[in-house]
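Single-structure report; data block below.
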Number of protein chains: 2
Amino acid sequence: MANQNRIPIPTLTRFANLYRVLQEAEAEGVEHLNSAQLEALTSISASQIRKDLSMLGEMGRPGVGYKVNLLKKRIGSILRVDRGHPYALVGAGQLGRAIANYPGFEDYGFKLKAIFDSDREKVGQIVQGIPIESNEHMPASLLQKSIRIAVLTVPRNAAQDATDQLVAGGVRWILNFAPTHLKVPDNCIVRDVFLTPEFAILGHFTED
Amino acid sequence: MANQNRIPIPTLTRFANLYRVLQEAEAEGVEHLNSAQLEALTSISASQIRKDLSMLGEMGRPGVGYKVNLLKKRIGSILRVDRGHPYALVGAGQLGRAIANYPGFEDYGFKLKAIFDSDREKVGQIVQGIPIESNEHMPASLLQKSIRIAVLTVPRNAAQDATDQLVAGGVRWILNFAPTHLKVPDNCIVRDVFLTPEFAILGHFTED
DNA sequence: AGTTGTGAACGTTTTCACAGCC
DNA sequence: GGCTGTGAAAACGTTCACAACT
């Protein structure tokens, strides 16, 4: 039965993937998809999909499947894709710019509103229509723009400092690409995206 | 007791993090670290660390802790950091270049050996000392260089094509940044690194 | 005393299997 | 007949707690 509160992270991750597939299906004019078809498109098992979707209440029709536009809308509302979350990018290096320029995030309701970098040379440069600001105004600028979400792509040794300033500026959700653990207050959520472990895992499975 | 075969992915991820910390400790001349100290450095719980390390056989000494250089060596061999895995980058866009230029991967034994892009403009450009090759020679070039590992950073609609060519070129491990599911033969391992779900999850926790 | 290694308890996530609905 | 929704079972991963070792 529907228990909309407290959806596990693995389920949310799968919702994000389903959302993309549903978007594509809708664009192609597909009206219904059943759990087996969704499995083919995502390689999430059909039973897993049904279990996940059961958290949203009864979304499917036995014998028919799930209505694409309805399901997309429902998952979208869970992921809050329609809110236009403003976010800040801290660290306008290569990875940071790649993320700023990555087109996919807007589909999920995220809107880049500020970019910070400690490098004086970069300050004032325009990326994605946003001028890079100096790190120094970070807290004030964040507060003024009501930004609560940040993506952190600074070098490891600058990460904790930048984090402290983000927190001072009212940021409560951080997507962290710096390969280090961030210390934040309890009311702040950090999602770590570490690339080296991904490589390292690949290494382990390597043979010969 | 030591069951070196079949180490769970979460454990491998933690090993990769421990490896970095051990590298730093070794560089600083630290000889021993106990599980509580490792917890402080990684925020992996001490009992979790002991459990993970117990998979490697008895690596620590009660009352003393773990010998840094020994443990680093052991984890390194699990992650096969000493093999100098040659890898290819497919897609020399911003994200691809950011990854190519990221210094951390070499520490884990990965060595960039080829770059491919379908854009004629880019072919011949040098990135990290490697000339960008045209997609067309991909399979032949991969085979010639004995490359078995690839990082895929092409747009979604080019991803499956590129994957097919990688597989034709003998690649068996793919780190996939393209936000789509790749179809590969059974003997090929794909690790997906999807950035949008990370954002999407953040969105769900957003309030207001 | 200090710290490991590990069985046992716990909690979470996935898979199974099928009753019930379309 | 086909497919969903869901309890029940299984698998998995983490934390606890303590005997054993230095």
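With a 10 Å cut-off between alpha carbons and a GNM built on chain B, which of B:Glu133, B:Glu198, B:Glu58 moves the most?
Highest fluctuation of the listed residues: B:Glu198.
Just want the answer: with Cβ charges of +1 for Lys and Arg and -1 for Asp and Glu, which residue in A:Phe15, A:Ser54, A:Ala27 is farthest toward the dipole's positive end in region A:9-78?
Farthest towards the positive pole: A:Ser54.
With a 1.4 Å probe and all protein chains left in place, how much accessible area per residue does region A:43-181 have, in Å²? Display every interim value, and only then the final one.
On the way: 6330 Å² over 139 residues.
Ligands and nucleic acids excluded, the result is 46 Å² per residue.
Relative contact order of region A:85-197, please, whole-number percent, based on alpha carbon pairs below 8 angstrom and at least 6 residues apart.
Dividing the mean separation by the residue count of region A:85-197 yields 24 percent.
Taking only Cα atoms and a 10 Å spring cutoff, compute GNM fluctuations for chain B and point out the largest among B:Leu142, B:Leu41, B:Leu182.
Of the options given, B:Leu41 has the highest mean-square fluctuation.
Put a point 7 Å out from Cα along the line to Cβ at A:Asp164; what are the distances to that point in the other copies, in nm, shortest first?
5.4
Would you tell me which residue of chain B has the beta carbon closest to the rotation axis bringing chain B onto chain A, and how many whole Å away it is?
In residue-and-Å form, the answer is B:Ala98, 2.
Using the structure shown, list the pairs from A:Lys51/A:Lys72; A:Lys145/A:Lys183; A:Lys73/A:Lys111 with a Cα-Cα distance above 22 Å, or answer none. Provide the component values of the computation, followed by the final result.
On the way: A:Lys51/A:Lys72 16 Å; A:Lys145/A:Lys183 24 Å; A:Lys73/A:Lys111 19 Å.
Table pairs above 22 Å Cα-Cα are A:Lys145/A:Lys183.
Quick one: with label points 7 Å out along Cα→Cβ, list the inter-copy distances for A:Ser134 in nm, shortest first?
5.0
Quick one: what does P(r) look like for region A:134-208 with 5 Å bins over all Cα pairs, in whole %?
Calculated over all Cα pairs of region A:134-208, the distribution is 3, 16, 24, 21, 13, 8, 6, 4, 3, 2, 1, 0 percent.
Where a ≥ b ≥ c are the square roots of the eigenvalues of the C-alpha gyration tensor, would you call the protein assembly as shown rounded, which needs a/c under 1.5, or, failing that, prolate if a/b is larger than b/c, or oblate?
Working: a/c = 1.25, a/b = 1.15, b/c = 1.09.
It comes out rounded by the Cα gyration axes.
Which aspartates and glutamates have a Cα less than 15 Å from the Cα of B:Lys67, not counting those fewer than 8 places away in the same chain?
B:Glu24, B:Glu26, B:Glu28, B:Glu31, B:Glu58
Let's see if you can work this out: charge +1 on each Lys and Arg Cβ, -1 on each Asp and Glu Cβ, no other charges. What is the dipole magnitude of chain B about its Cα centre, in debye to the nearest 20? Write out the running numbers ahead of the final one.
Details: 23 positive and 22 negative charges, 163 e Å.
My answer is approximately 780 debye.
Roughly what % antiparallel, to the nearest 5, for the DSSP beta bridges in the protein assembly as shown? Can you show the working numbers first?
On the way: 12 of 54 bridges.
Roughly 20 percent of the DSSP beta bridges within the protein assembly as shown come out antiparallel.
Under a 10 Å cutoff between Cα atoms, tell me which one of B:Ser45, B:Ser118, B:Ser146 has the largest fluctuation in the Gaussian network model of chain B.
Among B:Ser45, B:Ser118, B:Ser146, the largest mean-square fluctuation in the Gaussian network model of chain B belongs to B:Ser45.
To the nearest 20 debye, what is the magnitude of the charge dipole of region B:9-77 about its Cα centre, counting +1 on the Cβ of each Lys and Arg and -1 on the Cβ of each Asp and Glu?
Values: 9 positive and 7 negative charges, 46 e Å.
The dipole magnitude comes to about 220 debye.
As a test of the formula, what do you get for the protein assembly as shown when each DSSP H run with n ≥ 4 contributes -39,500 (n - 2.57) and the sum is divided by the residue count, at 222 nm and rounded to the nearest 500 deg cm²/dmol?
Working: 16 runs with 174 residues, N = 416.
Taken over the protein assembly as shown, the calculation gives -12500 deg cm²/dmol.
Helix B:68-79 against the longest principal axis of chain B: what's the angle in degrees, Cα atoms only, rounded to the nearest 10?
40
Please work out whether region B:85-197 counts as rounded, prolate or oblate from its C-alpha gyration tensor, where a ≥ b ≥ c are the square roots of the eigenvalues and a/c under 1.5 means rounded, while otherwise a/b larger than b/c means prolate and anything else oblate? Don't skip to the end; give the middle numbers.
Numbers: a/c = 1.19, a/b = 1.13, b/c = 1.05.
Rounded.
Can you give me the % of accessible surface on region A:55-208 that is carbon or sulfur? Probe 1.4 Å, all protein chains present, nothing else counted.
Heavy-atom surface of region A:55-208 belonging to carbon and sulfur, 1.4 Å probe: 50 percent.
The values are calculated or read from the model by the stated rules, or taken from the named source; none is laboratory data. For clarity, every value in this text was computed on a predicted model and none was experimentally measured. So basically every Cβ, Gly included, is an ideal-geometry build from the backbone, and we count neighbours across all protein chains shown. Accessible surface is based on the protein model in full, side chains and every heavy atom, while ligands, DNA and RNA are left aside. Shrake-Rupley method; radii C 1.70, N 1.55, O 1.52, S 1.80 Å.
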